[in-house]
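Shown next, in structure tokens, is the structure this report addresses.
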Amino acid sequence: MSKLFIYFFLLVFIVCLNSCSVTRFVGYYASAGSDDSGELKGQVFQTDDTSYRIGTLPNSWKRNNIEGGDLAYNNTQFDATMTVNSTCNEKKKNYSLKALSESLLIGIQGKEALEREEIIVNGQKALKTTYIGRLDNVPIKIATVVLKKGICIYDFTYASSPEHFEIGIVDFNNFVSQFKAL
């Protein structure tokens, strides 16, 4: 099972056990089987496999300290979460952006892609998809962006309740647009 599948499965599992709150969605974000811990210094995140510069976020977004995965942020003002993660693996570079995007949503019931568009991130073609679904019977709206650069896959997620989704999507889009693999 791919690392991306495991990330999201564990995330959903832990969230369902602890809360239906979208903010908790990121609070328990974790990876499985990853010995590759990274470190954020300023706006640069570095692991043994990759390093990248992240965008800035308004002060209302607070970083969550997590085990595994890369970075996670939450905004309690409108109960939303944002994540960025990297996976570098020669075997996974052949997966399509659509398949990689879909793998981020394992565990979301009744998921439906509302919109899918190719965008450019860090000079590379990326796929942005917006989904609706249910997490533990609570409605959720999620935007994903998946980017492949070399053997690395970078994925970004933004999750909120459908009624608050539009409030934070601008922050998410700005955050993603500033991303740069180093």
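The values are calculated or read from the model by the stated rules, or taken from the named source; none is laboratory data. Just so we're clear, the structure is a prediction, and the values are computed from it rather than from any experiment. Every residue, glycine as well, gets a Cβ built from its backbone with ideal geometry; the counts of neighbours run over all protein chains shown.
Just a few scattered comments:
- Scanning the stretch 132-163 for residues that are hydroxyl-bearing (Ser, Thr, Tyr), assigned to a strand (DSSP E or B) and in contact with a helix residue (DSSP H, G or I) (Cβ under 9 Å, 6 or more places away or on another chain) turns up 144, 157, 158, 160.
- Of all residue pairs spaced 6 or more apart or on separate chains, none has beta-carbon atoms under 6 Å together with a first member in the stretch 103-116 that is over 15 Å from residue 157 (Cα atoms) and among the acidic types (Asp, Glu) and a second member that is at pLDDT below 95 and in a loop (DSSP other than H, G, I, E, B).
- Considering the stretch 87-103, and only residues there that are at pLDDT 90 or above and not charged (D, E, K, R), the residue that is surrounded by the fewest Cβ atoms within 10 Å (Cβ to Cβ) turns out to be 96.
- Residues located in the stretch 124-158, provided they are at pLDDT 95 or above and among the small types (Gly, Ala, Ser): 126, 133, 143
- Filtered residues of the stretch 117-132 (kept if surrounded by 17 or more Cβ atoms within 10 Å (Cβ to Cβ), within 18 Å of residue 104 (Cα to Cα) and of a type in the set (A, V, I, L, M)): 126, 127
- Qualifying positions in the stretch 133-174 - of a type in the set (S, T, N, Q) and surrounded by fewer than 21 Cβ atoms within 10 Å (Cβ to Cβ): 137, 161, 173, 174
- Residue match in the stretch 61-83 (condition: farther than 16 Å from residue 153 by Cβ, of a type in the set (Asp, Glu), in a loop (DSSP other than H, G, I, E, B) and touching a Ser or Thr at 6+ places or on another chain (Cβ under 8 Å)): yes
- Subset of the stretch 164-182 [part of a loop (DSSP other than H, G, I, E, B) and of a type in the set (A, V, I, L, M, F, W, C)]: 179, 182
- Of all residues in the stretch 52-62, those satisfying the criterion of being more than 15 Å from residue 147 (Cβ to Cβ) and in contact (Cβ under 8 Å) with a residue 12 or more places away in the chain are 56, 57, 58, 60, 61, 62.
- Total residues in the stretch 31-86, condition modelled with pLDDT of 90 or more, closer than 21 Å to residue 103 by Cβ and surrounded by fewer than 19 Cβ atoms within 10 Å (Cβ to Cβ): 2
- For the stretch 84-102, residues that are part of a strand (DSSP E or B) and among the aliphatic types (A, V, I, L, M) total 1.
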